[in-house]
Ligand SMILES: [Zn+2]
């Protein structure tokens, strides 16, 4: 039997989004990019194979999916769920939550939850804000989220004490899985274990931030994107799909930087993380009592 008893365990999560669609939407174009079904499917297998290859126990993890992904890739969402992973919600579109009114948040999250729950025949319980765009003291918006979901994993804390102070002040009935972030080299710059941070920094920096979080009483949550460990040009918006966009060349280059830079080292870095840290499993299976009651 596979065991990673000796390892400190963390949560592995994926923000499963459609980068090409989201970028076109962000840039305000009416061009709808063609679905990237094959590439997204490949990236799903890349992530899960990496978990398997590293003998990670509890290798069923949480995928936060957008409602747009449910519309455009229903078969992939179903497949992820059929593999035993948890489907959480990552917004209906990938719009920042802090730029939406609480009413809009409630309505759009309800739509996204219904789509994802219907596809997977399981009630979706959890939420992560696109770009972590939710302020921990924005109780109005947190309240809107709590009306749709049982738990959230969008807020940053650097130690357990800070989390407990917040939990006492927070009047909202919502279980929070905080995504820890730690300052780096005594600066105000904060490092989270995931996404661009994993790409831009040597693995020793990311590891350091994880160990620091553990020592400060918080469980690290790793977050990945479909394009983080699978780079293919098909996951970029094509030149013709950017037709009519202001600063077309700039955006074309910019997305290449986001998605391609240091991508070659990502798999190796993740393997280092996987070899050192075990997996707790799906967030939704770990809903203990509401921390606000502590
Ligand atoms: Zn996202």
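The values are calculated or read from the model by the stated rules, or taken from the named source; none is laboratory data. Model, not experiment: these values are computed from the prediction. With ideal geometry, Cβ positions are generated from the backbone for all residues, glycine too; neighbour counts draw on all protein chains shown.
If you check 74, 33, which single one turns out to be under 21 Å from residue 230 (Cβ atoms), crowded, with 21+ Cβ neighbours inside 10 Å and away from the ligand (no atom under 16 Å from the Cβ)?
On the way: 74 fails: crowded, with 21+ Cβ neighbours inside 10 Å.
Being under 21 Å from residue 230 (Cβ atoms), crowded, with 21+ Cβ neighbours inside 10 Å and away from the ligand (no atom under 16 Å from the Cβ) holds for just one of 74, 33, which is 33.
Going by the structure shown, is residue 57 in contact (Cβ under 8 Å) with a residue 24 or more places away in the chain and touching a strand residue (DSSP E or B) at 6+ places or on another chain (Cβ under 7 Å)?
Taking the combined requirement at face value, the residue satisfies it.
Report yes if residue 57 is more than 15 Å from the ligand (Cβ to nearest atom), out of contact with any helix residue (DSSP H, G or I) (no Cβ under 9 Å at 6 or more places or on another chain) and either within 29 Å of residue 286 (Cβ to Cβ) or not in a loop (DSSP other than H, G, I, E, B) (or both), otherwise no.
yes
Restricting the search to segment 82-118, which residues are in contact (Cβ under 8 Å) with a residue 40 or more places away in the chain, more than 16 Å from the ligand (Cβ to nearest atom) and surrounded by fewer than 19 Cβ atoms within 10 Å (Cβ to Cβ)?
Residues satisfying the conditions are 102, 103, 106, 111.
Taking segment 122-134, which residues are more than 16 Å from the chain's Cα centre (by Cα) and either within 16 Å of the ligand (Cβ to nearest atom) or without any contact (Cβ under 8 Å) to a residue 40 or more places away in the chain (or both)?
Listed by number, the list holds a single entry, 123.
Is it true that some residue in segment 172-192 is modelled with pLDDT under 80, closer than 21 Å to residue 128 by Cα, under 20 Å from the mean Cα position of the chain (by Cα) and within 16 Å of the ligand (Cβ to nearest atom)?
Yes: segment 172-192 contains one or more residues that are modelled with pLDDT under 80, closer than 21 Å to residue 128 by Cα, under 20 Å from the mean Cα position of the chain (by Cα) and within 16 Å of the ligand (Cβ to nearest atom).
Go through segment 101-122 and count every residue that is in contact with a helix residue (DSSP H, G or I) (Cβ under 7 Å, 6 or more places away or on another chain) and under 27 Å from residue 135 (Cβ atoms).
8
Touching a residue at least 40 places away in the same chain (Cβ under 8 Å), crowded, with 19+ Cβ neighbours inside 10 Å, within 24 Å of residue 209 (Cα to Cα) and more than 16 Å from the ligand (Cβ to nearest atom): which single residue out of 16, 63, 11 fits that description?
11
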